[in-house]
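Colleague: Structure provided below as structure tokens; questions to follow.
Derivation of every value follows stated rules applied to the coordinates shown; laboratory data play no part. Because the structure is a prediction, the values reported are computed rather than measured. Positions of Cβ are backbone-derived with ideal geometry, glycine not excepted, and every protein chain shown enters the neighbour counts.
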Amino acid sequence: MTIDTIPQQFLDVVETFDKKAAFRHKKGGRFVDVSHRETLERVHQTALGLRALGLTKQDRVGVLSENRLEWAIADLAILTAGGITVPVYPSLPVNQVEYILQDSGARAIFVSTADQARRVAECRAPALQHVFAFDPHCRGEGVMTLEEVAALGAKVENKPTYRELISTIGREDCASIIYTSGTTGEPKGAVLTHWNILTNVRDCLSVLRLGPEDTCLSFLPLSHALERTAGYYVMLTAGVTIAYAETVDTVAEDMIEVSPTVMIAVPRFYEKIYARVLDTVERSSAVTQGLFRWAVKTGRKYVAEKTSGGASGRTRSARVLADALVFRKLKARTGGRIRFFVSGGAPIAREIIEFFHAAGVPILEGYGLTETSPVLSVNTFDDFKLGTVGKPLPHVEIRIAEDGEILARGDNVMQGYYRKPRETSEAIIDGWFHTGDIGHLDEHGFLVITDRKKDVIVTAGGKNVAPQAIENQLKNSKYIDEVVLIGNRRKFISAVIVPNFENLLKSTVSQGLPTENPGELLRQPQVRELFAAEVDRLCEPFAPFERVKQFVLLDRPLSIASGELTPSLKVKRRIVEEKLMAQIDALYHS
């Protein structure tokens with residue numbers, strides 16, 4: 001059988017690996033194993049149930065759920081039935097859920113809970129006929145459970161085998177319409193075929209060392225293109241056991257229980273770990289602090305020597321000692337078996353990557369977009385360079401336009417935006433997808449991202465400022481949780497800063513400052529002075545015109561609900577600036 005669709009790949013995985021622990025998920029307070037054969041049976045029956053309910057080839061079916069095993073089963077069942085999966089972020093407000101259901105023309109949707117079913121019921125979606133719930137206790141008018149759909153499929157007479165069921169699906173059939181986060185304008189549905197996704201999966205596996213002995217702890221939303229391809233299809237194809245975290249809040253505990261060998265996350269995950277480590281060290285004795293600094297310095301030296309030809313015996317010995325005295329504790333908190341992390345979705349600060357590599361738990365940073373299935377490049381153990389997002393995947397072409405925009409071409413590039421021909425023609429020109437990112441390829445072929453094309457700030461003095469590097473540098477402060485640079489057509493650079501209140505309160509509690517009201521605390525002169533000192537210190541490496549001169553301290557986090565963040569936690573700069581216009585304007589008139 002030629003394998004060029006996702007269901008064919010899934011069947012091949014089952015027949016090749018046939019593992020008892022294909023998946024693991026929390027049930028009754030503990031992680032339980034689910035085999036490949038059991039998964040295949042559930043997917044087969046659910047697909048037959050969808051067919052029995054009248055769903056036909058290339059019908060769109062939504063999935064609105066948190067990350068869990070049932071998400072994967074529903075997705076595979078939709079694809080097996082010949083349908084198109086339309087992922088919907090569970091955190092989206094109702095009006096955006098409604099937009100996606102309307103725009104895609106979804107005929108059915110899987111939801112996780114009764115609460116999500118109620119949210120769907122509020123939507124005006126004329127094409128929607130069926131709502132299926134993962135929660136077995138979720139029953140109501142017009143709602144069937146996943147179990148009931150599978151039971152309906154099990155009762156089908158003269159049912160086709162799984163192989164027969166998927167025989168009519170072709171590589172150029174659409175597999176998914178994934179709606180972009182929409183940092184500007186309304187979301188657009190990227191149309192991805194089975195072949196778009198499979199070629200990306202195979203390219204990833206050609207450069208990353210993964211196999212059936214590995215375990216991946218999955219916690220990012222499967223509606224995120226990175227988790228969908230890299231944390232799900234890639235892992236599934238390689239025979240990796242996929243364990244689903246109970247919730248986002250239990251990841252730390254789940255790591256210890258599952259002992260993963262690989263994890264995929266966005267930079268915020270690593271930033272929080274790094275901040276906790278630094279906070280713990282700062283509250284330790286002078287001896288412990290000195291030991292930590294020595295261990296990090298030793299680890300960095302070891303990585304530098306190893307990547308440039310080989311570490312000396314003396315450095316290797318020192319690295320072993322640093323691991324035993326310091327880094328072993330960090331590894332224990334990840335379950336003790338982590339071989340590597342993968343980071344994507346947004347830029348990550350170089351300092352954080354250097355720390356993790358020094359500690360012996362490397363982060364492999366990659367780059368891609370929803371429209372490219374999504375991976376375009378990634379650092380690997382064979383080709384690694386700090387400060388870059390790696391080399392392009394084997395069958396991906398990258399070139400840089402005259403204005404610095406990164407262009408990509410390959411079988412992984414989407415077919416276009418669903419029902420948006422004008423936007424498609426603007427994004428794909430002569431076969432090249434215009435990413436909207438600015439960067440360059442270095443002399444060794446590694447891709448360097450400098451900023452988003454639309455994010456580059458042009459000051460009133462005509463200076464171009466790329467904000468991401470400055471924002472990442474500022475987030476190295478334990479007192480800063482989020483930062484958004486401002487300054488387009490203005491006389492200097494300013495910033496909106498969201499403090500890390502946990503660390504701020506620890507620092508100010510002994511000073512007798514008001515801690516009950518965040519807004520009142522941030523108005524205290526001592527607090528303003530603390531942040532001013534942090535901003536000045538961290539901006540020192542940048543040119544004078546790039547440095548932050550003034551800032552607004554925000555007494556609340558940026559949020560998806562307020563429209564300031566996309567579901568994948570990217571900042572909507574225009575929205576932030578519009579919402580805080582009065583406070584920002586005041587900075588320039590003071």
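Colleague: In whole percent, what relative contact order does the stretch 370-510 give with Cα contacts below 8 Å and a gap of six or more residues?
Modeller: Result for the stretch 370-510 is 15 percent.
Colleague: Here's something else I'd like to know. Which pairs, out of LYS453/LYS572; LYS188/LYS549; LYS301/LYS549; LYS272/LYS306, put more than 25 Å between their alpha-carbon atoms?
Modeller: LYS188/LYS549; LYS301/LYS549; LYS272/LYS306
Colleague: Output ³J(HN,Hα) for the stretch 400-411: one whole-Hz value per residue in order, computed from phi by the Karplus curve 6.51 cos²θ - 1.76 cosθ + 1.60 with θ = phi - 60°, and x for Gly and Pro.
Modeller: In residue order, the calculated couplings are 10, 6, 4, 8, x, 6, 7, 10, 9, 9, x, 5 Hz.
Colleague: Starting from 0 in steps of 5 Å, tell me what percent of the Cα-Cα pairs of the stretch 457-587 lands in each bin.
Modeller: P(r) for the stretch 457-587, in whole percents per bin: 2, 10, 20, 23, 21, 15, 7, 2, 0, 0.
Colleague: For the stretch 53-65, take each phi angle, set θ = phi - 60°, evaluate the Karplus expression 6.51 cos²θ - 1.76 cosθ + 1.60, and give the result in whole Hz per residue in order, putting x for glycine and proline.
Modeller: 7, x, 6, 10, 4, 6, 5, 8, 10, x, 9, 10, 7
Colleague: If you don't mind, another one. Check which residues have an amide H placed less than 5 Å from VAL552's amide H, if you skip close sequence neighbours.
Modeller: For VAL552, the qualifying residues are ALA495, VAL496, ILE497.
Colleague: Report, by chain and number, residues whose modeled amide H sits under 5 Å from the one on ASP437, excluding near sequence neighbours (fewer than 5 apart, same chain).
Modeller: Hits under the 5 Å cutoff: ILE406, LYS453.
Colleague: When the helix-only estimate is applied to the chain (DSSP H runs of n ≥ 4, each -39,500 (n - 2.57), divided by the residue count), what is the mean residue ellipticity at 222 nm, nearest 500 deg cm²/dmol?
Modeller: On the way: 23 runs with 224 residues, N = 590.
Calculated at 222 nm, the ellipticity per residue is -11000 deg cm²/dmol.
Colleague: Can I ask one more? If we count every other residue with Cβ under 13 angstrom of GLY390's Cβ, Lys/Arg +1 and Asp/Glu -1, where does the sum land?
Modeller: Combined, the nearby Lys, Arg, Asp and Glu give -3.
Colleague: Round to a whole angstrom and tell me the spacing of the C-alpha centers of the stretch 121-193 and the stretch 204-228.
Modeller: 23
Colleague: Another question about this same structure. With a sphere of radius 12 Å drawn around the Cβ of ILE73, what net charge do the other residues whose Cβ falls strictly inside it have (Lys, Arg +1; Asp, Glu -1)?
Modeller: Neighbour charge sum, excluding ILE73 itself: -3.
Colleague: Report the local net charge at GLU578: Lys and Arg +1, Asp and Glu -1, summed over other residues whose C-beta lies under 11 Å from its C-beta.
Modeller: Working: positive: LYS572, ARG573, ARG574, LYS579; negative: GLU564, GLU577.
For residues surrounding GLU578, the net value is +2.
Colleague: What list of ³J(HN,Hα) couplings, whole Hz, do you get for the stretch 27-33 from phi and the Karplus terms 6.51, -1.76, 1.60, once you set θ to phi - 60° and write x for glycine and proline?
Modeller: My calculation for the stretch 27-33 gives 8, x, x, 9, 7, 10, 8 Hz in order.
Colleague: Sorted from largest down, what three extents in whole angstroms do the Cα atoms of the stretch 350-415 have along their principal axes?
Modeller: So the three principal-axis extents are 41, 24, 20 Å.
Colleague: Return the Rg/Rh value of the stretch 1-158, two decimal places, where both radii are evaluated on C-alpha atoms and Rh is the Kirkwood radius.
Modeller: 0.97
Colleague: Additional query: Quick check of the Kirkwood formula: for the stretch 122-207, what is the inverse mean of 1/r over all pairs of different Cα atoms, in Å?
Modeller: 16.9
Colleague: Something else about it: Going by amide H atoms built from the backbone, whose H comes under 5 Å of the H on GLU365, apart from near neighbours?
Modeller: SER343, ASN379
Colleague: Averaging sequence separations of C-alpha pairs under 8 Å and six or more residues apart, then dividing by the length of the stretch 457-587, give the relative contact order as a whole percent. Intermediate results must be reported in sequence, preceding the final value.
Modeller: Working: 172 pairs, mean separation 31.1, N = 131.
With pairs under 8 Å counted, the relative contact order is 24 percent.
Colleague: Post the alpha-carbon centroid distance, the stretch 513-546 to the stretch 380-431, in whole angstrom.
Modeller: Cα centroid to Cα centroid, the span is 39 Å.
Colleague: Another question about this same structure. Between the stretch 320-364 and the stretch 473-508, how far is it from one alpha carbon centroid to the other, in angstrom?
Modeller: Spelled out, the Cα-based centre of one part sits 25 Å from the other.
Colleague: For the chain, what class follows from the C-alpha gyration tensor (a ≥ b ≥ c being the square roots of its eigenvalues): rounded when a/c is under 1.5, otherwise prolate if a/b is larger than b/c, else oblate?
Modeller: Prolate.
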